[in-house]
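Only the coordinates and a few stated rules stand behind these numbers; no lab work does. Because the structure is a prediction, the values reported are computed rather than measured. Every residue, glycine as well, gets a Cβ built from its backbone with ideal geometry; the counts of neighbours run over all protein chains shown.
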Amino acid sequence: MDKERVLVVVIGGDQKGIIARVSTLLFQHGANIEDVQQKVMDGTFVMNMLVDISDCDSGPAGLRRDLDHLGQTMGLTVMVHSESVVKAMHRV
């Protein structure tokens, strides 16, 4: 079975608990973080996560909804992009 993966991008003011809260939410949905990069640039937190959502119990829509809610709660911008769409956009 092919994996269904998404790119989760989190941007906002640096604060304690961002990684913990995002990763906990992903775990609660049955998603698996396959790769993560994060950096703080001049007080702005930036994180990219490649996430396997093949076993996500709420589906992509439910995950997006809950990530949006978490972002609003924490004052962050959270974007979820399908890996296949991102790859298609970068084809020459």
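Annotations for the structure displayed:
- Residue match in the range 34-43 (condition: part of a loop (DSSP other than H, G, I, E, B), surrounded by 13 or more Cβ atoms within 10 Å (Cβ to Cβ) and either out of contact with any Leu (no Cβ under 6 Å at 6 or more places or on another chain) or among the hydrophobic types (A, V, I, L, M, F, W, C) (or both)): no
- Residue count for the range 3-41, restricted to those that are within 15 Å of ASP55 (Cβ to Cβ) and in contact with a strand residue (DSSP E or B) (Cβ under 9 Å, 6 or more places away or on another chain): 10.
- The residues in the range 64-76 that are touching a residue at least 40 places away in the same chain (Cβ under 8 Å) and within 13 Å of the chain's Cα centre (by Cα) can be counted, and the count is 5.
- For the range 21-49, the set of residues classified as β-branched (Val, Ile, Thr), touching a residue at least 12 places away in the same chain (Cβ under 8 Å) and closer than 12 Å to LEU67 by Cα consists of VAL22 only.
- Exclusive hit being surrounded by 12 or more Cβ atoms within 10 Å (Cβ to Cβ), in a strand (DSSP E or B), touching a His at 6+ places or on another chain (Cβ under 8 Å) and not polar (S, T, N, Q), set VAL51, VAL80, VAL9: VAL9
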